[in-house]
Structures are given as structure tokens and as C-alpha cells.
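The values are calculated or read from the model by the stated rules, or taken from the named source; none is laboratory data. What you see is a predicted model, and the numbers here were worked out from it, not measured in a lab. Neighbour counts are summed over all protein chains in view; Cβ atoms, including those assigned to glycine, are modelled from backbone coordinates with ideal geometry.
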Amino acid sequence: MIAEFFFLLFLVMAASGAVMMVASRNPVASLMFLVLTLFAIAGLFVLLDAHFLAAVQVIVYAGAIMVLFLFVIMLLNLGHEQASDLRGLFGRGTALILGAALFAALGTALRAGGWIAAGAPRVEDAAAADPRGAVQVIADPLFRDYMVPFEVTSLLLLVAVVGAIVLARRRAP
Amino acid sequence: MLEFETGAIVLGAFLFAVGAAGVLVRRNAILIFLCIELMLNAVNLTLVAFSRSGGIEGQVLVFFVMAVAAAEAAVGLAIIISVFRHYELVDVDRVNLLKW
């Protein structure tokens, strides 16, 4: 019962945060609404038995990546209220229609796949009943079956670090 | 009785649609970037919901998505800073040198 309450709470938090993020005029307010959405998604991860990913979501996404975005907004001095960067009435209408069409298409596909039917496949709490801890559940496949992609990820991060420095560096006069 | 998977999958579809609409409606490059992060998170949520019945591999994939998103954010923001140094603005409608 209490789980259902929190699930609905996080559901509403995530959805309203996302809508407010797109609609807000102030870039910093937009970013804070996205942080709210990310926290709500972390809460949903907990309720879906993905405890490790919930922690990573809070630390990496809501913590590191969003602070990086905030630094860039501050660095470019975009934090103050200014002429809205939202498009005009035609652009907003087009975006609304296309977004609604995309949502309808995704809903149709999920319904066709049997995911939103009343009798969606009921899952017993496999991860919760697992005797291994929340980290080992994901670490076992990660370091056995997905060892090579994991190492490639480290290479990707190295390239990203070097690339970011090269791109953002001030050219020597 | 609310099924958690169903709610999470529908929310994932909704967040993805909102993110796509946001990419279309904003002009500020940083906010377009934020909308892309929202779409990535919508997909992550869907993967975690599917992984409850489809196996733990979904969560492994979410782990990789987060790593790639971090790399993408670093490089993308560096490009935005570089563009800002050159044009003194981040409006994607007015940075159109490669458009034609």
C-alpha cells in the first residue's frame, strides 16, 4: 500500500517536472525541474528493484552531470530572465502535435506488444528475493558477459575527456 | 491494483514524448541538450521496467547508457562553449553557417 503511494507520487513528480522543464523560461529553473524528474526516476528505480541504478542515478545524473550543466549555464551567463527561447505559437503547436503523436505511437506499440494490457506479465520480485546483494546482481553479468563493452566504455570516457579539453580550450593567440 | 511495470513504461513513453517536443520547441542549445538527457532517462526507465521480467541485462544496458550520456554531456557542452566563444550566443536558429 505504501509502495503504491510512493509510486504514484514519483510518477506525478517525474511527469510534472518534465512538463515544467520544457515550459519554463529560465534556464536554471528548467535545470532544477529536470533534477526533480531525475530524483523521481531514481525513486521509481528503487520501487522497480534496481537499487544500484537508483544510487548511480542520484550520484552520476542528478549529481555530476546536472552540476556540469549548471556550471556551463552560469559560465555563459544565461541564468537571468531574458527573452524566452521558446518558439512562437506555430512552433509550439507543431511541437505539441508531434509530441502527442509520438506518445500515441509509443502507446499503440506497447499495447500491441501486450505491455499495457490489463493482464501484463506479472513478475515476482526476482531481484528482491536474490540472495546476492543489489550490487552483485548487476556486477555478475557486467563483468562476465559484458566485460569487453565495459572496457570499451573506459576508452570512450578517456576520448570524451580529451575531446572536451581540446574543444573548450582557448586558442593560443 | 497498479502494476509498477505498466506505470513505469507509460511514464517512460510520456517522458520521451515530452523530451522530443522540448527539442522542437526550445532554441537554446543547452536546453535542447537537457531535453535529450530527459529522453535518455525515459529510455532508462523503460529498460529497468522491462528488466523485471526480461532479465538483469536491461539494467546492465542502463549502466552503459549512463556512461555514454556522461561522455556525451562532456563533449556536447564543450562544443556549446566553443560555439559561444565564436558567436557570443547559443541560439540554434542563428548558428546556421552549415545550414545551406
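Taking every residue in the range B:22-43 that is in contact (Cβ under 8 Å) with a residue 40 or more places away in the chain and facing another protein chain (nearest Cβ under 7 Å) and pairing it with any residue that is of a type outside the set (A, V, I, L, M) and not in a helix (DSSP H, G or I), at least 6 positions away or on another chain, the pairs with Cβ-Cβ distances below 7 Å are B:ARG27/A:ASP85; B:ARG27/A:ARG87; B:ARG27/B:ASP91; B:ARG27/B:ASP93; B:ASN28/A:ASP85; B:ASN28/B:ASP91. Between B:GLY55, B:GLY12, the distinction of being farther than 28 Å from A:ALA164 by Cα and surrounded by fewer than 19 Cβ atoms within 10 Å (Cβ to Cβ) belongs to B:GLY55 only. When restricted to residues that are farther than 17 Å from B:VAL25 by Cβ, surrounded by 16 or more Cβ atoms within 10 Å (Cβ to Cβ) and either of a type in the set (Phe, Trp, Tyr) or in contact with a strand residue (DSSP E or B) (Cβ under 8 Å, 6 or more places away or on another chain) (or both), the range B:80-94 contains 1.
Within the range B:81-100, residues that are in contact (Cβ under 8 Å) with a residue 60 or more places away in the chain have Cβ atoms under 6 Å from residues that are basic (Lys, Arg) and surrounded by 12 or more Cβ atoms within 10 Å (Cβ to Cβ) in these pairs: B:ASP91/B:ARG27; B:VAL92/B:ARG27; B:ASP93/B:ARG27, counting only partners at least 6 apart in sequence or on another chain.
Looking at this structure, is A:ALA50 free of Cβ contacts under 8 Å to residues at least 60 places away in the same chain and aliphatic (A, V, I, L, M)? It would help to see each step written out before you state the result.
Working: free of Cβ contacts under 8 Å to residues at least 60 places away in the same chain: no; aliphatic (A, V, I, L, M): yes.
In short, no.
Of everything listed in (1) at pLDDT below 90; (2) acidic (Asp, Glu); (3) on the phi < 0 side of the Ramachandran plot, the single unmet condition for B:GLU37 is (1).
For A:ASP49, all conditions in the list (1) of a type outside the set (Val, Ile, Thr); (2) at negative phi; (3) within 10 Å of chain B (Cβ to nearest Cβ) hold save one; what is the number of the exception? (2) is the only condition that A:ASP49 fails.
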